[in-house]
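None of the figures in this text is laboratory data; all of them are computed from the coordinates on show. Here the structure is a predicted model, which means the values were calculated and not measured.
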Amino acid sequence: MLVDGHIKTNAEAIKILRSDGIVVRCVSKPYKHFHAKFIIVDNRLIIVGSHNLTNSALLFNREVSVVIENKVLSSELRSIFFEDFDKSYVCFK
């Protein structure tokens, strides 16, 4: 998972994710502030959109996300993710 390393409130969420064995790294320039999120499931199903995984985002905000089943797009998004991941750093140790 990649997160914005400049937002201190991410530290607690990162601690919880890491305790469950999830690798979390932070991004900086040129994409230090990005809002779109995507999840890839089984290398074929993509969920992409603006939703944060918080109660307020799910219950009170007007967010938009879509589900797409497409192996080619999934592969392209995986490439983008790992390109960004390679440029990321360990944060909030």
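For the reader, a short list of remarks on this structure follows.
- Take every pair of alpha-carbon atoms less than 8 Å apart whose residues are at least six positions apart; their mean separation over the length of the chain yields a relative contact order of 30 percent.
- Convex hull of the chain built on C-alpha atoms - directionally averaged projected area, nm²: 6.5
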